[in-house]
Amino acid sequence: MKLKVLPVFIPFAGCKNRCIYCDQAGITGIDPQSAVKSAEKQIKMSLSYTKNWDEIAFYGGSFTCLDEHIRKQLYRLAYTNAFRRVRISTDPGCIYDELLDEARGNFVKTIELGVQSLSDTVLAANRRPCSSKVIMQSVEKVQERFNLGVQIMTGMYGEGWGDFRNTVDRLCSTGAVYARIYPTVVLEGTELYTLMSSGAYEPLTPAETIRRALYAYTAFENRGITVIRTGLHSDADFQERIKGGFYHPAMGDLVKTAAMLLYCSLGYVLEAPAGKIQGYFGYKCAVRRIFPESIRTADRETGLKEICEKVQEAFCEDNSGELERKIDYYTQRLLNTPYHG
């Protein structure tokens, strides 16, 4: 059963470190006490629309890094509003047994960890606050007692294709329930912006961003880890601050469509009952336009895991670069038509 989650955003609250890709003004502009007041307003507003929520989630900050009295205030907000399921996102460097005991006692069922990368070189280059060893220790501790969610990024400073694949492959062997995939974008005023301006950092191309996101998406889904988000949120103010890197408001649709295009390019056919067949047409009907003979109505339905399994096999077997060339081509076809929301 899919839970209806009430999202409460406490951006950067509890964050004790400034990664090179983070907006400096934004990351230092949050007062934890203000986060509590903001959370209270958000909950009140959401409950005024409907009281039909299954779970409350505190997103955007490092929840377990917050001071104890702030954590308790947020837990109290959840409890007094009748929530008995809580979800939190946090930094892997702030996972300790006593904090996990506290979370269990306050109805936390799911903990989402900001992994980003499992390459120590990449973590250090981006000023991430802990090592891959600490991250994996935290992953193990969380998944033993909670539903585990993980976040990763594509195209971080100093990250190679091998670094990214290794991160994904290692996380596939964990007990994660879900994952989020975020592309690295360059915001003006950040250290990453300075590195890009000097030529020390070159953002990934759209095709390479999609290739890496596609690898992660198909690998996770193939291993039973549901990808609940691919791409960054759509916000006009945020988009204006992006100075480099590939951003698209329909990133998730682009990646799913790329998976179906590759599946068809491998000679497979997408099948679904008449009432569901449109779900296989893809972003801007790209699959139907490029592979019209590879979509047909049938009693059976081609499952997502089946698609991801075949694409993952192609990734593993691709020694000639043919798959990369296909992704370049399909990315060009997908982006030819501007997105109008």
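Note on the chain: dipole from Cβ charges, positive end direction compared against PRO92, VAL227, SER117; the farthest Cα belongs to VAL227. Which of rounded, prolate or oblate describes the range 230-277 when judged by the alpha-carbon gyration tensor and an a/c cut-off of 1.5? Oblate, since a/c reaches 1.5 and b/c is not below a/b. Note that the range 95-245 presents 40 Å² accessible area per residue, ligands and nucleic acids not counted, probe 1.4 Å. For the range 256-341, the solvent-accessible area with a 1.4 angstrom probe is 56 square angstrom per residue.
Residues whose amide H lies under 5 Å from that of PHE146, counting only those 5 or more places away or on a different chain, are absent; hydrogens are built 1.01 Å from N in the peptide plane. A dipole drawn for the range 155-221 from +1 and -1 charges on Cβ atoms has a positive end, and of MET156, CYS172, LEU192 the residue lying farthest that way is CYS172. Which of VAL134, VAL168, VAL311 ends up with the largest GNM mean-square fluctuation for the chain, with Cα atoms connected below 10 Å? Evaluated over the chain, the most mobile residue of the options is VAL134. For the chain, set up a GNM with springs between Cα atoms under 10 Å and report which of ALA207, ALA103, ALA236 has the largest fluctuation. Most flexible of the set in this elastic network: ALA236. Amide hydrogen proximity for PHE9: with H placed 1.01 Å from N in the peptide plane, the residues at 5 or more positions away or on another chain lying under 5 Å are TYR59. Among the listed values (1) 38.1; (2) 15.7; (3) 17.9, the one matching mean projected area of the Cα convex hull in nm² as calculated from this structure is (3). Phi-derived couplings, Karplus 6.51 cos²θ - 1.76 cosθ + 1.60 at θ = phi - 60°, listed residue by residue for the range 214-223: 5, 4, 5, 4, 6, 5, 5, 4, 5, 9 Hz, with x used for Gly and Pro.
Net charge dipole, the chain: roughly 980 debye, given to the nearest 20, about the Cα centre with Cβ charges of +1 for Lys and Arg and -1 for Asp and Glu.
With a ≥ b ≥ c taken as the square roots of the eigenvalues of the C-alpha gyration tensor of the range 239-322, please select rounded if a/c is under 1.5 and otherwise prolate if a/b is larger than b/c or oblate if it is not?
In terms of gyration-tensor shape, oblate.
Over 25 Å between Cα atoms, which of LYS4/LYS37; LYS41/LYS256; LYS16/LYS256; LYS16/LYS44 qualify? Over 25 Å apart, Cα to Cα: LYS41/LYS256; LYS16/LYS256; LYS16/LYS44. Straight-line cross-link partners of LYS305 among the aspartates and glutamates, defined as a Cα under 16 Å from its Cα and at least 8 positions apart when in the same chain: GLU221, GLU271, GLU313.
Bridges between two residues of the chain, per DSSP, are antiparallel at a rate of about 5%. With a simple spin-label model that places each label point 7 Å from the Cα along the Cα-to-Cβ direction, the separation between ARG325 and ARG300 comes to 3.2 nm.
Axis of helix 251-265 versus longest Cα principal axis of the chain: the two differ by about 30°, to the nearest ten degrees. The alpha-carbon of LYS243 sits under 20 angstrom from the alpha-carbons of these aspartates and glutamates, leaving out residues fewer than 8 places away in its chain: ASP23, GLU159, GLU188, GLU191, GLU202, GLU208, ASP235. In this rough spin-label picture, where each label sits 7 Å from Cα along the Cβ direction, the LYS2-THR194 distance is 4.4 nm. Phi angles across the range 267-279 convert, under the Karplus curve 6.51 cos²θ - 1.76 cosθ + 1.60 with θ = phi - 60°, into 3J(HN,Hα) values of x, 8, 10, 8, 10, 6, x, 3, x, 10, 4, 5, x Hz, Gly and Pro given as x. Only Lys, Arg, Asp and Glu carry charge here, each on its Cβ (+1 for the first two, -1 for the last two); on that basis the range 233-341 has a dipole of about 340 debye about its Cα centre.
Across the range 63-74, computed HN-Hα scalar couplings (Karplus, 6.51 cos²θ - 1.76 cosθ + 1.60, θ = phi - 60°) run 4, 6, 8, 5, 4, 4, 5, 6, 4, 5, 5, 5 Hz from first to last residue, x flagging Gly and Pro. Surface composition of the chain: carbon plus sulfur atoms hold 47% of the accessible area, using a 1.4 angstrom probe and ignoring ligands, DNA and RNA.
Rounded to the nearest 5, the antiparallel percentage of DSSP beta bridges internal to the range 177-322 is 20%.
Within the straight-line cut-off of under 17 Å between alpha carbons, the lysines reachable from LYS141 are LYS109, LYS133, sequence neighbours fewer than 8 places apart in one chain being disregarded.
The values are calculated or read from the model by the stated rules, or taken from the named source; none is laboratory data. It should be emphasised that the depicted structure is a prediction, and the values quoted were computed from it without experimental measurement. As a convention, Cβ positions derive from the backbone with ideal geometry for all residues, glycine included, and neighbour counts pool all protein chains shown. Surface areas here come from the heavy atoms of the whole protein model, side chains and all, with no ligands, DNA or RNA. Shrake-Rupley method; radii C 1.70, N 1.55, O 1.52, S 1.80 Å.
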